[in-house]
Amino acid sequence: MDILKKIAQYREEEERLKWEGTFAEYLEILKEKPWIAQSAHSRVYNMIKDAGIEVVNGRKRYKFFSNQLFGLEEALERLVEEYFHPAAKRLDVRKRILLLMGPVGGGKSTLVTLLKRGLEAYSLTDRGAVYAIKGCPMHEEAYI
């Protein structure tokens, strides 16, 4: 595929995914798709969960992290189940700051990069779509 066709295809996809509307229009979409009104923590948790979970020897392994982070299964399970999952349910943990500590080369930056790139890709899906409400001074979707 030549570069010009690839650019045109990318622009078409961007236009297809682009949505801007009023709060009333957003509420109509919300009636059809109630899952779109989610917090940031919910979006991250759903992104990880939607990639798939497998249970091996009683421990959860998240396919979202597979082939990228090795030997951190227990730490990743704790991160997802003790931080993102309760925060997605709007429990008190969502008010905490997530601090990643560990030795050099421990996977902290890789984890953050995976989450950032994952959210970019997830926002292009129906379950992870982000909506811009026209005239909203905060430039973000409604949080109901």
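The values are calculated or read from the model by the stated rules, or taken from the named source; none is laboratory data. Quantities reported herein were computed from a predicted structural model and do not represent experimental measurements. Here the Cβ positions follow ideal geometry from the backbone for every residue, glycine too, while neighbour counts run over all protein chains shown.
In segment 95-107, is there at least one residue being surrounded by 12 or more Cβ atoms within 10 Å (Cβ to Cβ) and in a helix (DSSP H, G or I)? No, segment 95-107 contains no residue that is surrounded by 12 or more Cβ atoms within 10 Å (Cβ to Cβ) and in a helix (DSSP H, G or I). For the condition touching a Phe, Trp or Tyr at 6+ places or on another chain (Cβ under 9 Å) and either within 22 Å of Val80 (Cβ to Cβ) or modelled with pLDDT under 90 (or both), Asn67 does not qualify. How about segment 110-131: which of its residues are within 14 Å of Asn46 (Cβ to Cβ) and part of a helix (DSSP H, G or I)? Passing the criteria: Leu115, Gly118, Leu119, Ala121, Tyr122. Looking only at residues in segment 5-64 that are among the charged types (D, E, K, R) and assigned to a strand (DSSP E or B), the one that is surrounded by the most Cβ atoms within 10 Å (Cβ to Cβ) is Arg61. Checking each residue in segment 104-142 for being more than 15 Å from the chain's Cα centre (by Cα) and modelled with pLDDT of 90 or more picks out Val104, Lys108, Ser109, Thr110. I'd like to verify a number: residues in segment 63-101 that are over 18 Å from the mean Cα position of the chain (by Cα) and at positive phi, how many? Result for segment 63-101: 2. Screening the candidates Lys49, Lys60 for the property of being more than 24 Å from Arg16 (Cα to Cα), more than 17 Å from the chain's Cα centre (by Cα) and modelled with pLDDT of 90 or more yields one hit, Lys60. Starting from residues that are touching a residue at least 12 places away in the same chain (Cβ under 8 Å) and either within 20 Å of Gln38 (Cβ to Cβ) or not acidic (Asp, Glu) (or both), keep the ones in segment 67-78 and report whichever is surrounded by the most Cβ atoms within 10 Å (Cβ to Cβ). Among those residues, the one meeting the criterion is Leu76.
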